[in-house]
Amino acid sequence: MRYLTKEWYERCQQTHLHFGIRVHSRAYEFDENLFLRLYKRKEKAHVKQERELYNMDPRFMLEHDGQVMTRVETAFSGEEITEEDQMVFRMPPEQRAHIEKLIAEYDVRPPFDEKKCKEEYKESMEWNFRYKAENLPKEIVEQIADIRVFTLGYCTREVMLQLKKLSAENRREMERVSNEYREVIIAQGIPDEIRNRVQFHDCTLTELLTMDEVVIRFDTRGGFTDINKLTLVAPEIIKQDGGIVGTYWLYQELYRIDNGYELHVLFDGENMPELIVRCADILVEEE
């Protein structure tokens, strides 16, 4: 990657460091009682939300089936609404069957397990404690009396000011790189039809074959496309990090070269692997 690098991506994740954080007058010192009180408050709110979601009856998803709908332009025109202006919404059979399955499972569900919910919340928070300690800038971590209190959403006024300043700096740099990359891409003059062939953001790479052609297959359920096969014709692999299969396709850069294209891909996985391939053509299909 030349522009949308791992470093650029990590900077993108640090443009809102202060979001969800509040200044607390007692965050200047390590205070176990303060942590326990704040933790219990957050835990209680989490359990309440999870209980509400668990007990949400999926029957509400059937409410629109059979509903009479009116054309928007007619509804707001003030004119008399006729039968021609209306239609009855009918849910696709497979969608209704899926909802009815959810309803059947809901009706026989066991009682909400509060103990398990609290255990999962504890595990999640312990992971978050470690993540914050490892990924926040070192100079800020050193000023935080208790990383657990910070992770729960509280900090000193001084730390808050630094978080806002650093977020603004990261955002400016992120936008600078993005704008520079956009100018380069426009100058490439690659047709949108070709660019759209490598739009696999958030798709999971399930297979990578490197033979006479590079063939990549995807699980597209998490993405924004139904195309699940990418073929790079007459390839020359410039870079192929390990551990690509099973990761998510994050960002791509596509450049024009003398005999075709050069595709750069950044994946979201351990160590954020990259793939760079030169090829004569790019083919896609839905298998």
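Residues checked against (1) over 25 Å from residue 59 (Cα atoms); (2) open to solvent by 100 Å² or more (accessible area, probe 1.4 Å); (3) in contact with a strand residue (DSSP E or B) (Cβ under 7 Å, 6 or more places away or on another chain); (4) modelled with pLDDT under 90:
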position: 80; (1), (2), (3), (4): yes, yes, no, yes
position: 84; (1), (2), (3), (4): yes, yes, no, yes
position: 91; (1), (2), (3), (4): no, no, no, yes
position: 100; (1), (2), (3), (4): no, no, no, no
position: 106; (1), (2), (3), (4): no, no, no, no
position: 111; (1), (2), (3), (4): no, yes, no, no
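Test residue 69 against the criterion of being over 30 Å from residue 150 (Cβ atoms), part of a helix (DSSP H, G or I), modelled with pLDDT under 95 and out of contact with any Lys or Arg (no Cβ under 6 Å at 6 or more places or on another chain), and give yes or no.
no
What tally of residues in region 191-214 results from selecting those that are open to solvent by less than 20 Å² (accessible area, probe 1.4 Å) and either among the basic types (Lys, Arg) or within 14 Å of residue 278 (Cα to Cα) (or both)?
Residues meeting the conditions: 2.
Tell me the residue from 96, 37, 51 that is assigned to a helix (DSSP H, G or I) and either touching a residue at least 60 places away in the same chain (Cβ under 8 Å) or surrounded by 15 or more Cβ atoms within 10 Å (Cβ to Cβ) (or both), please.
Criteria check complete, one pass: 51.
Given the condition of a type outside the set (Asp, Glu), more than 29 Å from the chain's Cα centre (by Cα), more than 30 Å from residue 51 (Cα to Cα) and surrounded by 10 or more Cβ atoms within 10 Å (Cβ to Cβ), answer yes or no: does some residue in region 114-137 qualify?
No, region 114-137 has no match at all.
The values are calculated or read from the model by the stated rules, or taken from the named source; none is laboratory data. From a predicted model like this one, the values you see are computed outputs, not experimental measurements. Reconstructed Cβ throughout: ideal geometry from the backbone, glycine too, with neighbour counts over all protein chains shown. Just so you know, the surface numbers come from the protein's heavy atoms only, side chains and all, with ligands and any DNA or RNA stripped out. Shrake-Rupley method; radii C 1.70, N 1.55, O 1.52, S 1.80 Å.
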